[in-house]
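Each reported figure results from applying straightforward, stated rules to the coordinates on display, with no laboratory input. Quick caveat, the model's predicted, so the values are computed rather than measured. Reconstructed Cβ throughout: ideal geometry from the backbone, glycine too, with neighbour counts over all protein chains shown.
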Amino acid sequence: FGEQQQESNITRFIIASNRLPITFERNVDYDPSKPDSGEKWHFKESSGGLIAGVKGITIPYTWIGWLGQGSGSLSDEEKIELTKAVKQKFGYTPVFIPDDIANLYYNVFSNQVLWPISHYLQFTQSAQNGTSWDAYCQANRAFADAISAVYEEGDAVWVHDYQLYMVPHYLRQQSSTVPIGFFLHIPFPSSELFRTLPQRYQLIDSLLDCNLVGFHTHDYRQHFVSTAQRIILDARAEGESIISRGRQTSCQAVPIGIDPTVWNAHLENPTVQKLIEKLKHDFAGVKLVIGCDRVDYTKGLPLKIKIIDQLLTTHKELHGKFVLFQIGIPSRMDVKEYQELTDELHKLIGEVNGKFGTIDWTPIHYIGRPVKQDELAAYYAVSDACLVTSVRDGMNLVALEYVCCQKDHHGALVLSEFAGARFLLSGSYTINPFDIENSAETLNLALSEVGKKASEKHLNNYKIVTLTNTAEEWGLRFAQLLLDSIKDSFFHLNE
Ligand code: GDG
């Protein structure tokens, strides 16, 4: 790192996130003596909330991240080859973490301690121990080292999400001036919960090493500010910042957006249009509701199925005329809670279909694997409503994507009040998914208002998703806030 204070512009972001937006596989047919055997490594681009947001930003960036389990046990020679291939093909830099450390860092400390606590579920005591914390720190240090190795003058570092809470700390040890922004994609919980973490001090202190910390909503921001003041003795809130140990950290709500051009392009694709026509024909006269979630206990999937059960119990007129089309992407299947949730979900869906289904009607259509994004656009486009039942959710991009794909149809968004999107999309039918009876009634109301009141609500949401809160806007806003925060902290340090 140079020790130049960056004041005028950010020429490039170094994005750091747990995973790179690609997965790799070894080409088993590869033979260096046979030129037609292809390249040694095959890559696939992955999708997900964070990836969708970052890919929409228009400021140049390079990306640093882990390539997943298995990458840590490659030989040194293979790591060099793979790094070269990833650099050449995508311009990204992989971080290599030994597989046993990665398991403790990712599966244990990140996903069994930080993830549940951030979503208001108490952490597993057994997962919370010195070994998993040490691995978490070791992995975060590897990220910081990789960042400093690619750093060039004019760069700003943009660290993403809870897996990398300690990266700002290790970066600051190397440079007191490198601009560091951090964005949290999940909720920041109430201090009452966060302060039960034994590592609360180190985690918050590291975030205060940033110039800017961004959240999806004002509530999450507020929770962070009060947590910092309770945990760090000298921390005090001043305006939109926290001052502690001579550092000034700007804390802001900067809600993520999606890239509407990607979804509009899908909708204009003739293959997608053909699929939309086919679905319209196949589901004529049926109220179609779409759901699309990672199978994660934060998404409230069992509650969603119970809401459908309730709807079909109370509204017999919907029998034969209603379908929930649910996509459930398998997630973190090496964690016990996720395997159990998958079993529970399959059982509940089977029960509802068994209870109400007939030879020519299945109320819940379930796909338990990822679908292609253009196919997803078609499902969004033909659905009369989208049902989001998260028990906690940082934002929920599915809600935004649905609104974008409802350009012509103006369907209803039925949205949990525990998803951050609720604060952004004021034209939604909000539900408390724990209140099954009222949620079922709201869904019924929303379906009955499609084409009437739902249309007004939709137009309100549509403007937000496609104009005022796009991923592009998000990137620009974050960059501007980061620049402002650098100037502020510069003045502060020189006072
Ligand atoms: C985290 C936070 C926050 C889903 N199924 C398929 C597919 N997807 C894509 C969706 C959407 C993304 O995955 C899911 O985003 P969410 O926001 O709903 O949820 P998380 O993955 O939990 O994301 C969340 C987000 O970060 C961003 O800050 O909103 O609160 O938990 O983009 O379209 N994509 C494809 N096939 C699928 O089957 N191609």
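Some values worked out for this structure:
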{"item": "Likely footprinting exposure, Tyr379, Tyr136, fewest C-beta neighbours within 10 Å first", "result": "Tyr379, Tyr136"}
{"item": "Ranked list, fewest to most other Cβ atoms within 10 Å of each Cβ, for Ser485, Ser46", "result": "Ser46, Ser485"}
{"item": "DSSP-loop trypsin sites (Lys or Arg not before Pro) across the stretch 364-433, with at most 11 other Cβ within 10 angstrom", "result": "Lys372"}
{"item": "Two-site label geometry, Lys487 and Val150: point separation in nm, points 7 Å out along Cα→Cβ", "result": "2.9 nm"}
{"item": "Compactness of the stretch 115-234 - radius of gyration and Dmax, Cα, Å", "result": "14.3, 44"}
{"item": "Where labels lie 7 Å past Cα in the beta-carbon direction, separation of Val371 and Asp36 in nm", "result": "3.8 nm"}
{"item": "Dipole magnitude of the chain about its Cα centre (Cβ charges: Lys, Arg +1; Asp, Glu -1), debye to nearest 20", "result": "700 debye"}
{"item": "Two-decimal Rg/Rh across the chain, once Rg and the Kirkwood Rh are taken from alpha-carbon atoms", "result": "0.98"}
{"item": "Cα-projected label distance for Asp360 with Tyr120, points at 7 Å along beta-carbon direction, nm", "result": "4.5 nm"}
{"item": "Highest average packing first - 320-326, 362-368, Cβ atoms within 10 Å", "result": "320-326, 362-368"}
